[in-house]
Amino acid sequence: LSDTFCGENMHLTTYPISWSNVIKIWYNESKYFKYGEWTSLDDDIIIKHYTQIVWATSYLIGCGISPCPKRLSTQYLYICHYCHEGNDPAKRNEPYNAGSPCGDCPNDCENKLCTNPCLYYDEYSNCQTQKRSFGCRSQSVQQFCKASCLCDKEIK
């Protein structure tokens, strides 16, 4: 995909398992997640698979499995790609806006999920400030703050 960045989740097993079990393994990290709070830096506590799954601006998702033959056995690698990527360090503890389902998109809602993604990505974390200061006619703001300039009502 051009003009977007994608994140991924991976899971490796020594035997084939169902996709619902793979997703459940990633989702179960939610027990360590507290909205708006950083988790422990302890290496045993991982939430990045969960936050990637629930990241509000990811709208294209593709998954695949690949058997990886080894000398005595086969391993199975499960991978999902999420575009736009999640786990932005500036927002990792807030992967979505708190509130009622579809509160940000009351006219574009299906099954309690917003259906109006912004197809563009802001490459700078301060794009709203850049937009206010220089406007979207500025060449650098146009180039690096496409979501802020081109998406007024879409989820970004």
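At a glance:
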| quantity | calculated |
| --- | --- |
| Residue match in the range 115-124 (condition: of a type in the set (Ser, Thr, Tyr) and not in a loop (DSSP other than H, G, I, E, B)) | no |
| All positions within the range 21-51 that are of a type in the set (A, V, I, L, M) and modelled with pLDDT of 85 or more | 22, 23, 25, 46, 47 |
| Check on residue 79, part of a strand (DSSP E or B), under 30 Å from residue 13 (Cβ atoms), in contact with a Gly (Cβ under 8 Å, 6 or more places away or on another chain) and assigned by TED's automatic domain parsing to the domain that holds residue 16 | yes |
| Test result for residue 99, at positive phi and in a loop (DSSP other than H, G, I, E, B) | yes |
| Residue check for residue 87: in contact with a Gly (Cβ under 7 Å, 6 or more places away or on another chain) and on the phi > 0 side of the Ramachandran plot | yes |
| One residue from 73, 66, 2, 58 being modelled with pLDDT of 90 or more, of a type outside the set (Lys, Arg) and surrounded by fewer than 12 Cβ atoms within 10 Å (Cβ to Cβ) | 66 |
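The values are calculated or read from the model by the stated rules, or taken from the named source; none is laboratory data. Here the structure is a predicted model, which means the values were calculated and not measured. Backbone-built Cβ (ideal geometry, glycine too); neighbour counts: all protein chains shown.
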